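The values are calculated or read from the model by the stated rules, or taken from the named source; none is laboratory data. Predicted, not measured: the structure shown is a model, and the values here were computed from it. Here the Cβ is made from the backbone with ideal geometry for all residues, glycine too, and neighbour counts use every protein chain on show. Just the protein is used for accessible areas: all its heavy atoms, side chains included, with ligands, DNA and RNA removed. Shrake-Rupley method; radii C 1.70, N 1.55, O 1.52, S 1.80 Å.
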Amino acid sequence: MKLLHIRSRKACDVIMRKGSVWKGKTMIVRWLPGAPKKEGPQPAGLYLGTYASAKLDKSAVKRNRMRRRCREAFRRLVKNQDDLVTAQLLVTPKIGTLVTPFEQIESDVRTFLSATNTWQNPKSVPPASSTSR
């Protein structure tokens, strides 16, 4: 499956307002089923956007690295899967993403993607990771 980008602020705002929330150990994922609303046909795939505010870290370099690590984990796990439904994801890394081993981030993404069968029903939310805080 292809990993596509969400670049417009308008699309991100829609996901922030209407999307369901999944909280993992290393990231928070807000998601909506379907492709973003644009003119013309939209290709099937996962539309991924990232959001990292200055509250995470004052250094833009560190925030961008957190975003890149999350995006790369999704890219690696999605490229071999063809059975996923089309959805829009807005990923917000948590502070620990910068120092967490990459395998932990991939594990978080794998946990999120394992619940893709519940995306058919927008009222249901994928289960969060098993550890509680």
Less than 19 Å apart at the alpha-carbon level, and either on another chain or at least 8 residues along: which lysines does that give for Lys25?
Lys55, Lys62, Lys94
Trypsin sites (Lys or Arg not before Pro) in the stretch 54-91 lying in a DSSP loop, each with at most 15 other Cβ atoms within 10 Å of its Cβ, come to Lys55, Lys58, Lys79
Work out the FRET efficiency for Lys23 and Asp82 from their Cβ-Cβ distance, taking R0 = 25 Å, and round it to the nearest 0.05.
0.35
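Using C-alpha positions alone, give me the convex hull volume of the stretch 1-78 per residue in cubic angstrom.
On the way: hull volume 8.3 nm³, N = 78.
Per-residue hull volume (Cα only) is 107 Å³.
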For Val99, Val14, Val29, write out the residues from largest to smallest accessible area, computed with a 1.4 angstrom probe and no ligands counted.
Val99, Val14, Val29
Proximal lysines relative to Lys37, as straight alpha-carbon distance under 22 Å, when same-chain residues fewer than 8 apart are discounted
Lys2, Lys10, Lys18, Lys123
Interchain or long-range residues, amide H under 5 Å from Gly24's placed H
Val29
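Take the alpha-carbon positions of the stretch 67-116, form their convex hull, and give its projected area averaged over all directions (one quarter of the hull surface) in nm².
Mean orientational projected area (the stretch 67-116, Cα hull): 3.5 nm².
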